[in-house]
Each structure stands twice: as structure tokens, then as C-alpha cells.
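The values are calculated or read from the model by the stated rules, or taken from the named source; none is laboratory data. Bear in mind the structure is a predicted one, so any value in this text is a computation, not a measurement. All Cβ positions, glycine included, derive from the backbone under ideal geometry; neighbour counts span all protein chains shown. When the accessible area is computed, the model is the full protein with side chains, heavy atoms only, and any ligands, DNA or RNA have been set aside. Shrake-Rupley method; radii C 1.70, N 1.55, O 1.52, S 1.80 Å.
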Amino acid sequence: MKQLIAFCFLLMITACGNQKKTEFDQLISENNRFDIAIVNGNVIDGSGAEAFKADLLIRDEVVTFVGKIDLEKIVVSKTINAEGKTVSPGFIDVHAHGNPLSDVSFESFLATGVTTMVLGQDGGHPSLKEQEYDILPWMEQLEQSDLELNVAMFVGHGSLRRQAHIPNEVKPTAAQLAAMEAALEAALEAGCFGISTGLEYVPGMYADELELQALAKIVGANDAVMMSHMRNEDDEAIEASIDELLALGALCQVHASHLKVVYGKGAARGQGILQKLADSKKQGIQVSADVYPYMASYTGIGILFPSWCKTNQQFERAKLDRLDELKAYLFNRVIKRNGPEATLFGSGKYAGKTLGTVAAEENKTYVDILMEIGPQGASGAYFIMDQTLQDEFITDPKTMIASDGSPTMLHPRGHGTQARIIEKYVEGTEQLELSMAIYKMTGLPAKTINLKERGFLAKNYIADILIFNPSEVKEKATYENPYQFSEGFDQVILNGKLVRENGKLLSANNGKLLRSK
């Protein structure tokens, strides 16, 4: 009996081998010429499954075969030996910033393994001219431009508000709301993957429930996503902000951007927030979240000012009518956010210095410095998060990794996010398995925003591919010098073309504008 079982097992293995060979032979019988062959690699396909040994063939931007190949039977323009290395999908940065039509290079994203970036975040999208806000002409020009990597777009709620000429502090009229709805419909029809909101910022902070519901209905009807910088991420307000998002989740798929609990503490606090999201999923709400692996946020200095003092006009009024109240608020707000040394200026004349350092150098109070700058006068990094709490978000299998970064931001997340995940959480603390880390940066974001034919390594998927040794991946960016490229992503293939090799850019123009339709 044992001999019979062994014989049957041998027949099964042989049959499987013949099936693989038949598939390969069938492929090359039709056309045996390929652009790239990647051989001997440890493939992690983006699904969360463990690595497996396989070769890949690429032709005309597409992965045409995954399995065992015979190089003697094919003609290949470029063969890459990935022995001892990981072969994975290119990373999808589901929350990034910047304007590819500017003269700023986005190579820092390629250097950290990102092949697709998702722009139009926090309620704002780029446009061709200031004060116009229409995303459609910008997208048309982007599609005709040379791009360093793929770009997927969200239309910004705040930009739609301005496009409809809605003053900051008022509710839209019926006609203005209709104009916003029409502009949203047009953007989604043009291929935007959803709408983003910035409810902690001007003008998004002035949107009420009815305005957001009207837009959410359109998002849901188009099977798109509402991606939100929620109204308040502070410890005492985060649950209410999530509840507001989940209420909109009854109308469309919703997503919490850069999940955090400002000055919250402890693993249990993080687990409670994750459980809240998990419970809502059980109730049928399609909700997701992303997180970046840093304990400092980055945004405008207005984050330190009260809700009634966010614009320059409000600031001028407050200095006349509520000066003592404003100063008291700023004093307490900074203390609550870990003190003046926890604010690091990222723009303006004090860039690179903390609020505390500037106050000491100027022989003034930190409140005096903030009053001189005003709510629109600078941006900065804010060290206001707890490592233990945030690690719960970073390592959770259901959250994806995103940088919230840009090429010019004075914060390491614009140059190092994805490398940091590999170096620290996979190779360092071992809080993440490599296959899970890659899933959180590839397959999960692709599924979340419905990015077709990307995010996975499989036959007929677009060839956005990384080849790297995880132990050699290094985040080089720091808060002191945030513009250093990551190291270790040896080869980057973008839309079927090798664009980066051994730390050098080979081609700067093989990216595409990706459209949902």
C-alpha cells in the first residue's frame, strides 16, 4: 500500500510538472520574445502569502508568465538574476503629496520602492492655475507629460468648495452644492478614484453633515472611495471623528487617512481604535485606514491655532477682539502637544529649528513667536505620538502603509517611509513578516481603491516590480537631513521597463496617469 501511495504521489508531481511545462511551452509557441526575464527570485506576490521560488517573464508592460522558465528556449532583451533576492509588486503609496507638473523630482519615491502614488489628499487637489481649482485640465496635461512614476488621483473636497465659490465659514446654497456635485461627478467620470476631505483644515472644517452626505451619495453611486483627514485626531476627539466617518460609510466606502491618536498613550488605546473599525466592518461598513511609521506629523502651523483663528483674516480679527484668549489658547495648546521643543519648523525663516529653540534665540516666549508667524505662516513637524500606540496601527494586518509625504517636505517620511517599514519592522523588531509588510504596501491599497491590474504579481498584471534584498534596505532620511534617498531597492521596473538599477535612475519618464474608468 505504501508503495502504491508513493507511486501515485510521483505521478501527481510529474503531472503538475508537465502542466507547468505545457503552459510555458504554449506561451513560447505563440511568441518566444520577451522584454525582461527575472529568474531565481523569491516571489512575494502582494497577496500576503509567503514567498515562493519562481521566474517571471515581462512583455509589453505585462507579466506574461510566473513559474519555471527555460532561458534557452526564449529570446530576452534583459535578464535579471534575482538569486537570493525578493521579487515583489511595486509599492502603492495610497496617501502622498506633490504636483508632478512642477519641476520637482519624485525620484525619492522610486528610491523607496514606490511605483504608484495617490495624490489629491486632505481635501486639496492640484490645478493648472491658482484660484481656478478645476482638476480636469490638470489631469489632461498630466496624461500628456513625462512622469517618473504612476499617479492615481482623488478630487479634493476643499478644492471643490472653492471651485463652487463657497465662502469659508458658510453653508453652500442649493446652487453651490449642485455645482460641487456636478464637479465631483465629472472628476469621478474622468477617472478619479474618489474624493478626499480635510475636515481639520480650511475650508473643509466648515462642511456640515448634509454637505458631506450629498457628496458621499455620489461617491457610493460611482463605487469610489471617500478618503478623509478626519475632523480631529486628538485623543479626546478621535472616536467622534471616526463616528462621523463611519456615518458616511453607510453611503459609500470610507477611508481614514494617516490614522493616529494625538498624545494618546499605550497599546490598549490603539487596540481599542482598531476594534472600533473592525466592529463597523462586521456591521457592513466598508472602512479602511492607512498609517505612516513616524511619531511626528507634518502640517501647517495653523494646527496650533483655534478653530476660530485658522485664516489670516480670522487672525487679524482675533488680535483685535480676542487677543488674550488667543494667547492663552496657544500657550495651553503647545504644552498639551508636548511643549515647544516638539514643534520643528519645516518652512519659513525658522525651518529646521524647534519652536523652543527659536523662542530662546529671539529671547521671546513661544507664544510671541507664533503670534508673529500667524496661522498661515509656516509648516512643521510635530512630535505628538506614542510609539507603543502607533505600533498597533502600523503592524495591524488591516491597515496599509502610506507616507503622507512629498519630495520637498522637511520630514523623512517623504523619502523613507517604505524603506523604514522593511528596515525597522521586518528586519529590526520583527513585528511584521515580510510578506505581510509587502501586502500592506501593495495588494491591500490596490484592493482598497480598486486599482485594477496592479498591486499583485500575477499573469496579465501590469509589471510594476521591485527586486531587493530586505536586509540591505536602509532608510537614510532623518529629521535633520530628510532629503536622502533610501537604499537597497536594487531594481525598479515601472510599466514593464527597468527604470532604476543599482541606485541609479535609468529612465525618468515611464510613469502614467492611472484612471479608474
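Test of understanding: among Ala190, Ala216, Ala174, Ala182, which residue is under 22 Å from the mean Cα position of the chain (by Cα), open to solvent by 20 Å² or more (accessible area, probe 1.4 Å) and of a type in the set (A, V, I, L, M, F, W, C)?
Only one candidate passes the filter, namely Ala190.
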Output the residue which, of all residues in the stretch 332-386 that are open to solvent by 20 Å² or more (accessible area, probe 1.4 Å) and of a type in the set (Lys, Arg), is farthest from Ala296 (Cα to Cα). Lys364
Residue pairs qualifying under the 9 Å Cβ cut-off, at least six apart or on distinct chains, with the first in the stretch 272-284 being farther than 18 Å from Cys252 by Cβ and touching a residue at least 24 places away in the same chain (Cβ under 8 Å) and the second being assigned to a helix (DSSP H, G or I) and open to solvent by less than 20 Å² (accessible area, probe 1.4 Å), are Ile273/Ile238; Ile273/Ile242; Ile273/Leu389; Ile273/Phe393; Leu274/Phe393; Lys276/Ile242
For the stretch 485-517, which positions are assigned to a loop (DSSP other than H, G, I, E, B), open to solvent by 20 Å² or more (accessible area, probe 1.4 Å) and either under 30 Å from Ala224 (Cα atoms) or at pLDDT below 95 (or both)? Asp490, Asn502, Gly503, Leu506, Ala508, Asn509, Asn510, Lys512, Arg515, Ser516, Lys517
Search result, residues across the stretch 28-63 that are under 29 Å from Ile401 (Cβ atoms) and either in a loop (DSSP other than H, G, I, E, B) or hydroxyl-bearing (Ser, Thr, Tyr) (or both): Ile44, Asp45, Gly46, Ser47, Gly48, Ala49, Glu50, Ala51, Glu61
Using the structure shown, decide if Pro482 is over 17 Å from Asp45 (Cα atoms), buried (at least 18 other Cβ atoms within 10 Å of the Cβ) and either in contact (Cβ under 8 Å) with a residue 24 or more places away in the chain or out of contact with any strand residue (DSSP E or B) (no Cβ under 6 Å at 6 or more places or on another chain) (or both). yes
Answer residue from the stretch 130-187, given it is of a type in the set (S, T, N, Q) and not in a helix (DSSP H, G or I) and is farthest from Thr116 (Cα to Cα) among those: Thr173
What is the residue count in the stretch 301-341 for residues that are in contact (Cβ under 8 Å) with a residue 40 or more places away in the chain and out of contact with any helix residue (DSSP H, G or I) (no Cβ under 8 Å at 6 or more places or on another chain)? 8
Looking at (1) open to solvent by 40 Å² or more (accessible area, probe 1.4 Å); (2) closer than 19 Å to Ile58 by Cα; (3) in contact with a strand residue (DSSP E or B) (Cβ under 6 Å, 6 or more places away or on another chain), which one does Lys474 not meet, given that it meets all the others? (2)
Confirm whether Phe331 is over 27 Å from Arg413 (Cα atoms) and aromatic (Phe, Trp, Tyr). yes
Hits in the stretch 233-259 - residues which are within 24 Å of Ile303 (Cβ to Cβ), in a loop (DSSP other than H, G, I, E, B), open to solvent by 10 Å² or more (accessible area, probe 1.4 Å) and not acidic (Asp, Glu): Ala237
Here is a list of conditions, (1) among the small types (Gly, Ala, Ser); (2) open to solvent by less than 10 Å² (accessible area, probe 1.4 Å); (3) touching a helix residue (DSSP H, G or I) at 6+ places or on another chain (Cβ under 7 Å), and Gly124 meets all of them except one; can you say which number that is? (2)
The condition of being free of Cβ contacts under 8 Å to residues at least 40 places away in the same chain, surrounded by 20 or more Cβ atoms within 10 Å (Cβ to Cβ), small (Gly, Ala, Ser) and in contact with a strand residue (DSSP E or B) (Cβ under 8 Å, 6 or more places away or on another chain) holds, among Ala437, Ala446, only for Ala437
Conditions (1) open to solvent by less than 20 Å² (accessible area, probe 1.4 Å); (2) under 24 Å from the mean Cα position of the chain (by Cα): number failed by Asp223: (1)
